[in-house]
Amino acid sequence: ASFTLLCFRSPLVTALIFGLLLQAPFTQPSTITRPNFVLLLADDLGIGDVGCYGNDTIRTPNIDGLAKEGVKLTQHIAAAPLCTPSRAAFLTGRYPLRSGMDAINDYRVIFWNAGSGGLPPNETTFAKILQHQGYSTGLIGKWHQGVNCESRNDHCHHPLKHGFDYFYGMPFTLISDCQPTETPEMDRAFRRKLWLSTQMIGLITLTAVLGRLTGLISVHWRTLTCLAAFSLLFFISWFSSYGFVRYWNCIMMRNHGITEQPMVTDRTTSLILRESISFIERNKHKPFLLFLSFLHSHTPLLTTEKFLGRSRHGLYGDNVEEMDWMVGQVLDAIDKEGLRETTLVYFASDHGGWLERQEGERQLGGWNGIYKGGKAMGGWEGGIRVPGIFRWPGVLPAGTVIDEPTSLMDIYPTVVHLAGGEVPQDRVMDGRDLLPLLRGAAAHSEHEFLFHYCGVHLHAVRWHQRDTGAVWKAHYMTPIFSPPGAGACYDRGFCQCFGEGVTHHEPPLLFELSQDPSEAKPLSADTEPLFDTVIRKIGRAVEEHRRTLTPVPEQLSVSNVVWKPWLQPCCGTFPFCWCDKEGDN
């Protein structure tokens with residue numbers, strides 16, 4: 001009888017042990033081996049542009065597949081609503097004003113490759129920590145965190161100074177000026193003013209000369225000569241930079257060397273994809289970090305011919321569908337090298353879609369779904385709520401949806417801890433390790449409060465009341481839409497962070513996001529019994545948060561963002577900067 005009982009029990013015991021072994025990765029973090037990391041970051045992609053977040057007209061099967069096979073975050077928040085500060089926060093795990101990478105003025109991003117501002121050398125990126133942990137680290141695509149400080153070749157802000165072993169891509173960002181057939185985008189309104197001023201000065205000079213020649217005006221030739229010289233110098237002073245934006249900003253680099261100046265946009269997509277797959281193939285036998293920072297879906301929406309006209313949303317939709325195809329190609333490369341089970345894949349966007357980006361009847365910016373606002377708006381959800389997807393087969397439970405507040409800054413401690421490193425202890429870190437939440441070991445996010453800045457101006461604060469599940473959001477400032485009620489700042493192209501472009505709220509506008517995610521119905525003391533309690537609680541959190549801030553050099557000050565010819569990356573002898581080494585190859 002005992003033999004029979006033992007025979008009966010042994011398959012049960014075996015099955016039980018096998019089942020426990022299968023469950024171990026979800027409950028025992030100590031069993032996790034160091035994974036590879038593939039971080040995919042889209043540019044200007046709206047949360048409403050992706051199928052798994054509700055879009056049923058733009059086809060994104062590969063991104064949707066990541067969500068089905070992994071974890072989808074529905075309240076994933078960028079630390080800033082524009083490229084430069086958001087990416088600085090992503091790389092450092094800290095609010096961008098802690099590193100000086102958010103602005104007190106209207107220059108809210110890096111404007112020139114030849115500016116002197118950028119991610120400070122004393123900031124420690126997650127790539128630098130992984131580099132010290134023995135990882136091969138690569139950045140393919142967009143950087144937009146500065147290049148040089150004091151000389152053309154000091155590369156103090158360059159990716160290779162911030163923990164990346166390999167870099168191929170744009171040190172700047174894609175803009176319409178990079179495409180000769182497109183209308184210039186960079187500082188468009190300011191450029192129009194400069195052209196108008198030049199024409200007026202020239203007209204005054206010409207009128208004075210003609211008046212002198214006809215005897216209608218009595219003026220010395222020396223005065224006319226000085227006036228003509230001033231006209232010429234004024235023109236040269238701005239045209240030397242704005243007249244050659246395509247040569248100064250639209251360049252491609254491999255490590256410290258320039259490969260294209262200006263970039264040849266027809267082949268950019270294929271080169272970025274080739275470099276990404278090549279990096280995976282070269283490093284398949286050792287742990288690696290690949291940060292693929294897409295140029296999609298930023299204007300001018302570079303899209304190869306085979307994707308043109310395929311979507312139901314014009315060129316923007318075509319561009320998003322091509323990016324999704326690129327995601328699929330990278331995932332195929334991971335599978336081909338047998339790295340699927342040992343690679344953590346992450347997909348997100350740096351901030352919300354650009355509602356105001358239009359050319360005539362063409363909508364060239366993204367869609368933010370049910371959320372109010374968009375790019376450049378630091379408080380409204382549409383500017384900061386982005387897609388967030390993780391996939392790691394066998395470790396993260398497939399098909400999981402998490403509604404807790406999370407941040408792009410959380411990638412830093414999550415990646416660092418998984419790689420066996422430690423986050424810096426000598427500075428305030430704002431990101432939180434997501435692994436317990438992603439694996440189901442924790443029910444709630446570690447973020448009780450998230451602070452939503454527009455430049456250095458605090459526009460809103462989110463409070464996650466864990467005991468009730470409520471997510472309160474108080475707006476201290478909101479942008480003034482133009483035209484009124486339009487939902488964006490179409491008259492300006494961007495919404496402002498301060499001054500006459502915002503409305504101050506006292507008491508703050510209050511919303512409960514779990515009940516009103518579109519922020520359509522502000523609460524008041526008359527409609528919400530907890531109104532005063534919530535406002536006081538958030539106010540105390542703001543005071544505590546501000547005590548953690550320390551003064552740092554402003555990387556986006558006017559003196560740092562202006563074009564400095566002695567800092568201009570150049571593949572020839574300045575100012576004769578031109579090369580096409582990819583074409584030569």
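Things worth noting here:
- Fully extending the segment from Arg547 to Ser524 would add 5.4 nm, taking 0.36 nm per residue of separation and subtracting the current Cα-Cα distance.
- Mean Cα-pair separation over length for the chain, i.e. relative contact order, pairs under 8 Å, 6 or more apart, %: 26 percent
- Highest-first packing order for the peptide set 97-104, 381-388 is 381-388, 97-104, based on the mean count of other beta carbon atoms within 10 Å.
- Estimated inter-spin distance, Thr304 and Gln199, nm [label 7 Å along Cα→Cβ]: 4.2 nm
- Highest average packing first - 400-408, 88-96, 494-502, Cβ atoms within 10 Å: 88-96, 400-408, 494-502
- Shape of the chain, Cα gyration tensor, a/c cut at 1.5: prolate
- Modelled label positions at Asp403 and Phe576, each set 7 Å beyond Cα in the direction of Cβ, lie 6.6 nm from each other.
- Straight Cα distances below 20 angstrom link Lys521 to the aspartates and glutamates Glu381, Glu506, Glu512, Asp532, with same-chain residues fewer than 8 positions distant left out.
- Average accessible area per residue (Å²) across the chain - probe 1.4 Å, nucleic acids and ligands excluded: 42 Å²
- Residue ranges 289-296, 327-334 sort as 289-296, 327-334 when ordered by packing (mean number of other C-beta atoms within 10 Å per residue, highest first).
- Taking segment 188-243 and dividing mean pair separation by its residue count, relative contact order in percent (alpha carbons under 8 Å, at least six apart): 40 percent
- For the pair Thr207 and Ser240, the difference between a 0.36 nm per residue extended length and the Cα-Cα distance amounts to 9.3 nm.
- Across segment 245-401, the mean sequence separation of Cα contacts (distance under 8 Å, 6 or more residues apart), normalised by length, yields a relative contact order of 15 percent.
- Reachable lysines, given that their alpha-carbon falls under 26 Å from the alpha-carbon of Lys306 and they are not under 8 places away in the same chain: Lys142, Lys336, Lys581
- Listed by chain and number, the lysines whose C-alpha is less than 29 Å from the C-alpha of Lys193, apart from same-chain residues fewer than 8 away, are Lys375, Lys564.
- Taking amide H atoms as placed 1.01 Å from N in the peptide plane, the amide H of Glu359 lies under 5 Å from those of Leu364, each 5 or more residues away in sequence or on another chain.
- Given R0 = 60 Å, the distance between the Cβ atoms of Val423 and Leu232 translates into a calculated FRET efficiency of 0.65.
- For Gln515 and His285, the difference between the fully extended length at 0.36 nm per residue and the C-alpha to C-alpha distance is 78.0 nm.
- Separation of the Asn105 and Trp566 label points, Cα + 7 Å toward Cβ, nm: 2.0 nm
The values are calculated or read from the model by the stated rules, or taken from the named source; none is laboratory data. Please read all numbers here as calculations on a predicted model, not as lab measurements. Neighbour counts are summed over all protein chains in view; Cβ atoms, including those assigned to glycine, are modelled from backbone coordinates with ideal geometry. All accessible areas refer to the heavy atoms of the entire protein, side chains included, with ligands and DNA or RNA removed. Shrake-Rupley method; radii C 1.70, N 1.55, O 1.52, S 1.80 Å.
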